[in-house]
1. Among residues belonging to the range 99-154 that are crowded, with 20+ Cβ neighbours inside 10 Å and not in a strand (DSSP E or B), point out the one that is nearest to the chain's Cα centre (by Cα).
2. Pairs only if they're at least six apart or on different chains, beta carbon under 7 angstrom, first in the range 125-152 and among the polar types (S, T, N, Q), second outside any helix (DSSP H, G or I); list them, first residue then second.
3. Mind checking which residues of the range 66-94 are under 30 Å from Arg106 (Cα atoms), outside any strand (DSSP E or B) and either among the hydrophobic types (A, V, I, L, M, F, W, C) or touching a strand residue (DSSP E or B) at 6+ places or on another chain (Cβ under 7 Å) (or both)?
4. What single numbered condition from (1) under 14 Å from Ala121 (Cα atoms); (2) over 23 Å from the mean Cα position of the chain (by Cα); (3) among the polar types (S, T, N, Q) fails to hold for Gln176?
5. Take the residues of the range 86-98 that are of a type outside the set (A, V, I, L, M) and more than 18 Å from Gly54 (Cα to Cα): which is farthest from the chain's Cα centre (by Cα)?
6. What are the pairs, 6+ residues apart or on separate chains, where a residue within the range 183-207 that is closer than 17 Å to Phe85 by Cβ and outside any loop (DSSP other than H, G, I, E, B) has its Cβ under 9 Å from a residue that is of a type in the set (A, V, I, L, M) and modelled with pLDDT of 95 or more?
7. Being among the aromatic types (Phe, Trp, Tyr) and without any contact (Cβ under 8 Å) to a residue 60 or more places away in the chain: is that true of Phe105 here?
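The values are calculated or read from the model by the stated rules, or taken from the named source; none is laboratory data. Note that the coordinates shown come from a computational prediction; the quantities given were computed from them, not determined experimentally. Note that we place each Cβ from the backbone using ideal geometry, even for glycine, and neighbour counts take in every protein chain shown.
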Amino acid sequence: MKQSALRYSFCILLVLIALSGLSVNVQARGTDDEDSVVLSAGGGIFYPFQGKSGFNAIVQAAGKVSQQERLGVELEYRNYETKLFKAKDIDTQSYILRGIGQYFFRSSGISPYVGMGINFAVNVFDEDEIERKRSSINIKQGWGFGYGIMGLLGLEVPVGGGLALFGEGRVSGDFQITSYKSRSGNNKLRVESLSGLTGMGGLRMRF
């Protein structure tokens, strides 16, 4: 399967999962709870610990557990360069589905908040570029499954009409599992770090 088709398929799958999670959340909270659902969209810069910075974008749907707590799901896209199989500056795109929780220190107005997430991901990379730099290995496919955790510190600023601006700093521990063949022809699995820092901002809608 071509990389473009693979990426498109995974994007559709992640969107369907996110919409399903939002539907369940809305049903659980009911329609009588004012401002029970919060939708967020934003983006910024992702800096991998072993590579060059790139950009990220997120779409998030969350429901209020209390006036200061939210739980939801998030889709994140990252485009950056990182170190894979000891080869530097490999073009990589990550498609991440994350369950996320947030705690706000104030129930209204301008509020700092903290959060934590657990995620699964599909990471697509340029296997030809790796093989050019590391001729001793044979990559079986140009993608790998990933998993990780994330912590964040943010600030939310209401601007009226159910809208708010937010800014966040994040640190993530992300890992990828990739299959490959060694020079001897043996099939092997490799676990590598895609961890990094993110600075981002965006807009939230509450309804």
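1. Glu127
2. That search, which allows pairs on different chains as well, returns Ser136/Arg183; Asn138/Tyr180; Asn138/Lys181.
3. Within the range 66-94, the subset under 30 Å from Arg106 (Cα atoms) is 66-77.
From the residues that got through so far, the ones that are outside any strand (DSSP E or B) too are 66-68.
Hit for the range 66-94 is Gln68, nothing else.
4. The single condition Gln176 does not satisfy is (2).
5. Filtering the range 86-98 for residues of a type outside the set (A, V, I, L, M) gives 86, 88-89, 91-95, 98.
Those left that are additionally more than 18 Å from Gly54 (Cα to Cα): 86, 98.
Working: Lys86: 24, Arg98: 6 Å.
Result: Lys86.
6. Taking only residues 6 or more apart or on different chains, not a single pair turns up.
7. Details: among the aromatic types (Phe, Trp, Tyr): yes; without any contact (Cβ under 8 Å) to a residue 60 or more places away in the chain: yes.
Yes; evaluated as a whole, the condition is true for this residue.
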